[in-house]
Each structure stands twice: as structure tokens, then as C-alpha cells.
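Notes to accompany the following structure.
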Amino acid sequence: MKKRSVLFSLILLLSMAWMTACGGGSQQLVIATGGTGGTYYPLGGGMADHITKNAGVTATAQATGASAENIRLLRDKKADIAFTQNDIAEYAAAGTNMFQQDGKIDSFQALGALYDETIQIVVSADSNIKSVADLKGKRVSVGAPGSGTEINAQQILEAYGLTFDDTQLQRLSFADSAKAIQDGKLDAAFQTAGTPTAAITELAATTGVKIIPIDNDKIDAIIAKYPYYVKTTVPANTYQTVPEEVTTVSVKSMLLIRSDLDEDLVYKVTKAIFDNTDKLGHAKAKEIKLDSVLSGVSIPIHPGAKKYFDEKSVK
């Protein structure tokens, strides 16, 4: 009887180990998002809920420094799914810009494109800053260190003949930038995120904001040099103190996933996300459409995600 009990216990332990190795119920997925004041974090939370409910695994959203940091978290297996910008994913795959020291990173694949991420240059409602050119000498935040926003800011300033050295540069998260503007400690902040952006909405409700436009000729120059940008209009009244539409540029947001994750698991995760885009709890989710899920995606799609898109006849 004792031998039988020991044998049963051994079989039970081996079965539990096998279930864990094969993606059983104990598996957990970490979704790397962005700052709590941006769009990635609340959207990631909604996605985590639906993955947990529908994909047979537990998923959690983690606040991070956004795009570039997220890709490194995937590489280091500290995250499994990550939000990023399409331009940043290209830099990582090629080992350029902020990834020059890292070299090419090939440990991720695409899970799908999401929505346009708009570069918003935010100042207080009573600011005398009216143009990007006016940022010279001002206290300007360009996002968290190593973020996609930082590169976007650099490229937009470049179109106006400016560099970071021409400003009193700060590298703050979305939420910290908004608080600094509210406290009078910051003149302007670049924020690349889906509109409306929570931190800007909250700032508009307290201090009031303006969104600085980018001139059409500068937009043309930016797109000519960096073709992953598109011209974008922030609709009037997106923020309560901005009654007019604002012309700027956008990049595309997308989801990445570790390329070594099981195909069936990734299929279930993809299905859990894209079958429930109307239930993710953020206004930007309305812009996530299956017919544009491969738009702006230049890196390989994970086979699990491709299986789902093929079922939906997405090309």
C-alpha cells in the first residue's frame, strides 16, 4: 500500500510538471505596457482580463517605460507580450537608433497592429508657445528615457532645425509630465499615445491645455525622411480646452509577442484580444479593426496569430 501511495504521488507530481511545461493553468503572461497616464496601460489591463478569461492562462499588465524598454523585456523574458510603436519595432529588428548597443533583436514577432499613435505636444492653456520653433530654450519633456516618444521628439525638432541641446531637456513619463506642467515646472511635453490620452484629459480638466500643431511643410519633410509617419488631425474638442482641430503626425501602435511561445497559446491569446476589442474598456479600442491589423507591420507575424488572422480571412 505504501509503495502504491508513493507511486501515485510521483505520477501526480510528474503530471503537474508536464502541465506547467505545456502551458497549463499555472502559466502566467506579463503584458509590458507604458506609463499609467498613457493609453497602453489601461488597454493592456483590458487585454489581460480577456486573456485570463478566455485563453486558459493568467495575464497581468505591467507599467513600464513603454516601447523600447518593452522590447528589451521581451528579449530578457521578463515580459511575454508588449506594446510598442511600429517604428521602434523596426529599429530593434535592425539594431539601429536606441538599439545600436543592443544589436539586432530577433526574439519577438508581431501579434498585430492596433491604432494610430499621435504625437501630441502639450502646453498649458495660458502658454505663449504657439509653434514647435518656440520650444527653443524651454523646459521640454520628451518622454521616459529610451521611449518611442523620445525618438519622435528628436525627429520633429530636427524638422525645425532644433536638437535636444536647444531645450532644457527633461525625460518624464506621461503622468509626471502632466503634473510638472500643472505645477509650473515644465513648459511643454511630447506625448506619443492614442487620443484621448488620460494624462492630457486630466490636465485639461485642471490646468487647461493647448496642443501645438506641426506645420504642413514640416510634416511633409518628416514623412519624406521617416516614411512610417502619417499626417494626422486631432479632432476638435478631443480635450475640453482645445476647441479646434490640430494637425500633427502619428505612428502605428502594435503588439509584439515572444517568438518562442507555443503556437496554440498565441492563437488563443490573439483570439481573446481581437474577439473582444469592443470590451477592452478604453475609447481607443474602437479604432482596433481586424481589417487593418496587419497595416504598418513589417516584421514577421507569430504563427499562432497568423492562424487566427487566416481564419478571419485577414490579409
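The values are calculated or read from the model by the stated rules, or taken from the named source; none is laboratory data. Treat the numbers as computed from the prediction; the structure is a model and nothing was measured. Cβ placement follows ideal geometry from the backbone for every residue including glycine, while neighbour counts extend to all protein chains displayed. Heavy atoms of the whole protein, side chains included, go into the accessibility calculation; ligands, DNA and RNA do not. Shrake-Rupley method; radii C 1.70, N 1.55, O 1.52, S 1.80 Å.
Key figures
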{"read-out": "Rounded accessible area per residue of segment 140-234, 1.4 Å, Å²", "value": "40"}
{"read-out": "Sulfur and carbon atoms: percent of accessible area, segment 211-315 [1.4 Å]", "value": "49"}
{"read-out": "Using alpha-carbon coordinates, inclination of helix 40-54 to the longest axis of the chain, degrees", "value": "20"}
{"read-out": "For segment 33-76 versus segment 262-315, the gap between their alpha-carbon centres in whole angstrom", "value": "15"}
{"read-out": "Alpha carbon centroid spacing (whole Å) that separates segment 116-142 from segment 238-258", "value": "15"}
{"read-out": "Structure-derived semi-axes √(5λ) of the Cα gyration tensor in Å - corresponding label in (1) 40, 19, 19; (2) 50, 24, 23; (3) 42, 30, 16", "value": "(1)"}
{"read-out": "The chain: most fluctuating residue of GLN100, GLN62, GLN85 per GNM, C-alpha cutoff 10 Å", "value": "GLN100"}
{"read-out": "Candidate lysines - alpha carbon under 21 Å from LYS315, same-chain residues fewer than 8 apart omitted", "value": "LYS252, LYS268, LYS271, LYS286, LYS289, LYS306, LYS307"}
{"read-out": "Portion, in percent, of the accessible area of segment 49-116 that falls on carbon or sulfur, probe 1.4 Å", "value": "40"}
{"read-out": "Extent along principal axes [Cα atoms of segment 23-168; Å; largest to smallest]", "value": "56, 37, 22"}
{"read-out": "Helix-only [θ]222 nm of the chain, DSSP H runs n ≥ 4, -39500 (n - 2.57) each, per residue, nearest 500", "value": "-11000 deg cm²/dmol"}
{"read-out": "Cα-projected label distance for THR60 with GLU263, points at 7 Å along beta-carbon direction, nm", "value": "3.1"}
